[in-house]
Every structure is written in structure tokens, then in C-alpha cells.
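The values are calculated or read from the model by the stated rules, or taken from the named source; none is laboratory data. Predicted, not measured: the structure shown is a model, and the values here were computed from it. Every residue, glycine as well, gets a Cβ built from its backbone with ideal geometry; the counts of neighbours run over all protein chains shown.
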Amino acid sequence: MTYIYALVDPRDQRVRYVGKSNDPERRLTRHYKVATKHLPVARWIAKLRRDGLRPIVRTIMQVPGANWQTWERHWIAAFRWAGEELLNITDGSDGWPSGKPQLPETRRRISQSLRGRRRPQEVCDKISATQKGRPGRPQSPETRAKIGAAFRGRTLSPEHRAKISITERATRARMKLTAESAS
């Protein structure tokens, strides 16, 4: 039997995702194992897990026959119409291609669904913190000394030196613009 199910946030009881499965509880475990952590539903589940919570699985309906696509689209549209902020990236019935190349139409729909979304400031701060110490970012004196020791004695080609020079100039210009806009 096929079911249309919802994943509900245990904190506020809001529906966050609508999907189709032959076994909704088992499908939730597959959501946990999904490797594509860039999906909004995967990020949401990961955050719940960090907080010691798990989504609530609610069966919306048992689908008669093989017409589950129509019902999945119907319920996604109904919850969106009711004001729920679903994490589904499509309008339903097309599934996720699991690493296969996506059709241009699918890529366009995903792009449209993500357009205009803003990350919360706390997310931006976390991303910024993880980028500290990477190329183009200020580094501690200890880190700079380690890098210097690793490169000491190496000879770089003129092309490589030119690329480094261009990158360093661009980084200094970007840092200067950032400092000017902050003041």
C-alpha cells in the first residue's frame, strides 16, 4: 500500500515536509541516512537530531491505486496554501534523482523554489566562522609560520607566481572594500 505522509516539527507541530512511501516510518530512517545534506529537509532533520529531537511521521492518507503522484502534489499544494513553510524543493511526484543528472526543467524549478530565501544571521555567522583560516582570510602567526616552513626552499614557476600575485591583490582589494564599508 502507498501512503502520503508528513514530517512534523515536534517543537511547534507544523508540517515541514510531505512525501510518498510504502512505509512512512522506514522512509524516515532513509531521510536520516540521505547523503545529500544540501537538501533543506536533510538540514532540518540534522538540526533536530543535534537538539535531541526527531520529526513526527504522520500518515495523511492511504492512496488507492497507483495515482500517488496526484495526491502528493495535492497535499503539498494544500499545505503551502494553508501557510506551512514546507521544505519540499519541488511540487511533488517527481522524486529526487539520487545523484543522477537532473533535467533542465527540474533544475529550473529547484532554483526558483530557493530564489529569494535568506539565511538566518546565525547561519551566516556559523558559515563565516568555518571559513576563518582559509585562503583569503586572516591567519594566526603560528599558522603562517607553519605554512612558511612548508614552502621554504620550493621554487615556483613564473606562471604560478603570477597567479599568486593576482589572488593576493584581489584579496587585499576585497579586504579594503570590506573595511571601508564597515566604517
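Of the helices (runs of 4 or more DSSP H) that lie entirely inside the range 77-183, those containing 1 or more residues that are outside the structural domain of Lys47 (by TED's automatic domain parsing), modelled with pLDDT of 85 or more and surrounded by 11 or more Cβ atoms within 10 Å (Cβ to Cβ) span 141-151, 158-182. Going by the conditions given, is Ala66 outside any helix (DSSP H, G or I), of a type in the set (Gly, Ala, Ser) and assigned by TED's automatic domain parsing to the domain that holds Asp23? Judged against the criteria, Ala66 is a match. Being of a type in the set (Val, Ile, Thr) and either touching a residue at least 60 places away in the same chain (Cβ under 8 Å) or not assigned by TED's automatic domain parsing to the domain that holds Trp81 (or both): is that true of Val41 here? Judged against the criteria, Val41 is not a match. Every condition in (1) hydrophobic (A, V, I, L, M, F, W, C); (2) in contact with a helix residue (DSSP H, G or I) (Cβ under 8 Å, 6 or more places away or on another chain); (3) farther than 22 Å from Arg118 by Cβ is met by Ala78 except one, and the failing one is (2).
Is there a residue in the range 46-55 that is in contact (Cβ under 8 Å) with a residue 24 or more places away in the chain and either under 21 Å from Ile110 (Cα atoms) or part of a helix (DSSP H, G or I) (or both)?
If we filter the range 46-55 for residues that are in contact (Cβ under 8 Å) with a residue 24 or more places away in the chain, which is where we start, we get 48, 53-55.
Right, trim to either under 21 Å from Ile110 (Cα atoms) or part of a helix (DSSP H, G or I) (or both) and you get 48.
Yes, that holds for at least one residue.
State which residue is modelled with the highest pLDDT when the search covers only the range 7-34 and only residues that are of a type in the set (Ser, Thr, Tyr) and over 14 Å from Glu84 (Cβ atoms). Among those residues, the one meeting the criterion is Ser21. Annotation note: Cβ proximity below 6 Å between a residue of the range 138-163 that is under 26 Å from Ser128 (Cβ atoms) and a residue that is modelled with pLDDT under 85 and surrounded by 10 or more Cβ atoms within 10 Å (Cβ to Cβ) (sequence gap 6+ or interchain) occurs for Gln139/Gly133. Checked against (1) under 24 Å from Gly83 (Cα atoms); (2) surrounded by fewer than 13 Cβ atoms within 10 Å (Cβ to Cβ), Gly52 passes all but a single condition, namely (1).
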